[in-house]
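A short worksheet on the structure shown next.
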Amino acid sequence: MLNHIILLVAAAATLAAPEARADELQNRVVAAMRASRPDAFRFQRTSVTDRTGSARTTVVEQYDPGRPAALGWQLVSVDGRAPTAKEAEKSRKAKRGPVPSYAELAKWFGAPAIRSEPTPGYVTYRFARLPAGAVKIGSHDASADTQAEAWVNVRAKTPFVERVRFTSTKGFRMMMVASVKSMDVVSRFALLPGGEVVPAASETTLTGSLLGKSGRIHSTATYAAFQPAR
């Protein structure tokens, strides 16, 4: 009798569990993401980083897709002062990932997800894991071990993802000397008057160790001064 009751409870829980799938709203949002051009605007990014054992750093950069690829990013200031020649050269040679853009979300947002509507004007999608290449930390692809939540603003004339949160489900190692225990990334997007969606801000927290020493890195990035590329 007890086994029968357990089976009934398990069956009921299975029937009640929401199904992870893609829906029509996701398809509309993905289409808008793919139509968004990463090279449509030049903009400014201010990055603030707090690292265990180091002083806070504030870096301001300017991105202009109209410049040659190697000069697309230019260092504007470091901790409120003009950069030195060495700092400018280091910034120019730095390995960078894709330019932050709304289009980047199209890599994963169309994947099966669990939908809910907890707040009026918003639809939330939860992703248990992400497709390969969606979340890269340095050379490490953390996509398979990352959960995501995306808040879609449906009050706008064209629905768009306003907020995304990535959370790691498992630690990982980088370059054999760094171990990341946890990762939390929150990104926000804004709708410009012309209807384009652009990055607004992001906040990243990493905890782990480097060469055996535990530590934490907390960084924020804010985007401003968007102007159409020439």
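Annotation note: of Ala69, Ala12, Ala17, the sole residue that is surrounded by 10 or more Cβ atoms within 10 Å (Cβ to Cβ) and modelled with pLDDT under 95 is Ala12. Note on the stretch 136-150: residues that are open to solvent by 40 Å² or more (accessible area, probe 1.4 Å) and either in contact with a Phe, Trp or Tyr (Cβ under 6 Å, 6 or more places away or on another chain) or of a type outside the set (A, V, I, L, M) (or both) amount to 8.
Checked against (1) buried (at least 16 other Cβ atoms within 10 Å of the Cβ); (2) closer than 30 Å to Val30 by Cβ, His218 passes all but condition (2). Just to be sure before I move on: is Glu104 within 29 Å of Gln227 (Cβ to Cβ), touching a residue at least 40 places away in the same chain (Cβ under 8 Å) and not hydrophobic (A, V, I, L, M, F, W, C) in the structure I sent? When the stated conditions are applied, Glu104 passes them. Looking across the stretch 45-81, the residues that are basic (Lys, Arg) and without any contact (Cβ under 8 Å) to a residue 40 or more places away in the chain come down to Arg56, Arg67, Arg81.
Go through the stretch 20-34 and give me each residue that's aliphatic (A, V, I, L, M), modelled with pLDDT of 95 or more and open to solvent by 50 Å² or more (accessible area, probe 1.4 Å).
Step one: of the stretch 20-34, the residues aliphatic (A, V, I, L, M) are 20, 22, 25, 29-33.
Then keep just the ones that are modelled with pLDDT of 95 or more; that gives 25, 29-33.
Scanning the stretch 20-34 gives a single hit, Ala31.
Filtered by the rule that a residue be of a type in the set (Lys, Arg) and more than 29 Å from Leu211 (Cβ to Cβ), the stretch 138-186 gives Arg155, Lys157, Arg163, Arg165. Kindly indicate whether Ala225 is at pLDDT below 95, open to solvent by 30 Å² or more (accessible area, probe 1.4 Å) and closer than 24 Å to Glu61 by Cα. It is false that Ala225 is at pLDDT below 95, open to solvent by 30 Å² or more (accessible area, probe 1.4 Å) and closer than 24 Å to Glu61 by Cα. Of the candidates Gly110, Gly97, the single residue that is over 21 Å from Pro159 (Cβ atoms) and small (Gly, Ala, Ser) is Gly97.
Kindly indicate the residue of the stretch 67-112 that is more than 24 Å from Arg126 (Cβ to Cβ) and among the hydroxyl-bearing types (Ser, Thr, Tyr) and also nearest to the chain's Cα centre (by Cα) among those meeting that condition. Across the stretch 67-112, the extreme among qualifying residues is Ser91.
Of all the listed residues (Ser54, Ser116, Ser77), the sole one being within 26 Å of Pro228 (Cα to Cα), open to solvent by less than 80 Å² (accessible area, probe 1.4 Å), out of contact with any helix residue (DSSP H, G or I) (no Cβ under 8 Å at 6 or more places or on another chain) and not aromatic (Phe, Trp, Tyr) is Ser77.
Criterion first (open to solvent by 70 Å² or more (accessible area, probe 1.4 Å) and of a type outside the set (Phe, Trp, Tyr)) does Ala85 satisfy it? Working first, answer last.
Working: open to solvent by 70 Å² or more (accessible area, probe 1.4 Å): yes; of a type outside the set (Phe, Trp, Tyr): yes.
Answer is yes for this residue.
Is it fair to say Lys170 is more than 16 Å from the chain's Cα centre (by Cα), open to solvent by 60 Å² or more (accessible area, probe 1.4 Å) and more than 28 Å from Gly194 (Cβ to Cβ)? Yes: the conditions hold for Lys170.
Looking at Lys157, is it in contact (Cβ under 8 Å) with a residue 24 or more places away in the chain, outside any strand (DSSP E or B), open to solvent by 40 Å² or more (accessible area, probe 1.4 Å) and within 30 Å of Ala55 (Cα to Cα)? Talk me through it step by step, then tell me what you get.
Details: in contact (Cβ under 8 Å) with a residue 24 or more places away in the chain: yes; outside any strand (DSSP E or B): yes; open to solvent by 40 Å² or more (accessible area, probe 1.4 Å): yes; within 30 Å of Ala55 (Cα to Cα): no.
For Lys157, the condition - in contact (Cβ under 8 Å) with a residue 24 or more places away in the chain, outside any strand (DSSP E or B), open to solvent by 40 Å² or more (accessible area, probe 1.4 Å) and within 30 Å of Ala55 (Cα to Cα) - is not met.
The values are calculated or read from the model by the stated rules, or taken from the named source; none is laboratory data. Remember, predicted model here, so these are calculated numbers, not experimental data. All Cβ positions, even for glycine, are placed from backbone atoms using ideal geometry, and neighbour counts span all protein chains on display. For accessibility, only protein heavy atoms count, side chains too; no ligands or nucleic acids. Shrake-Rupley method; radii C 1.70, N 1.55, O 1.52, S 1.80 Å.
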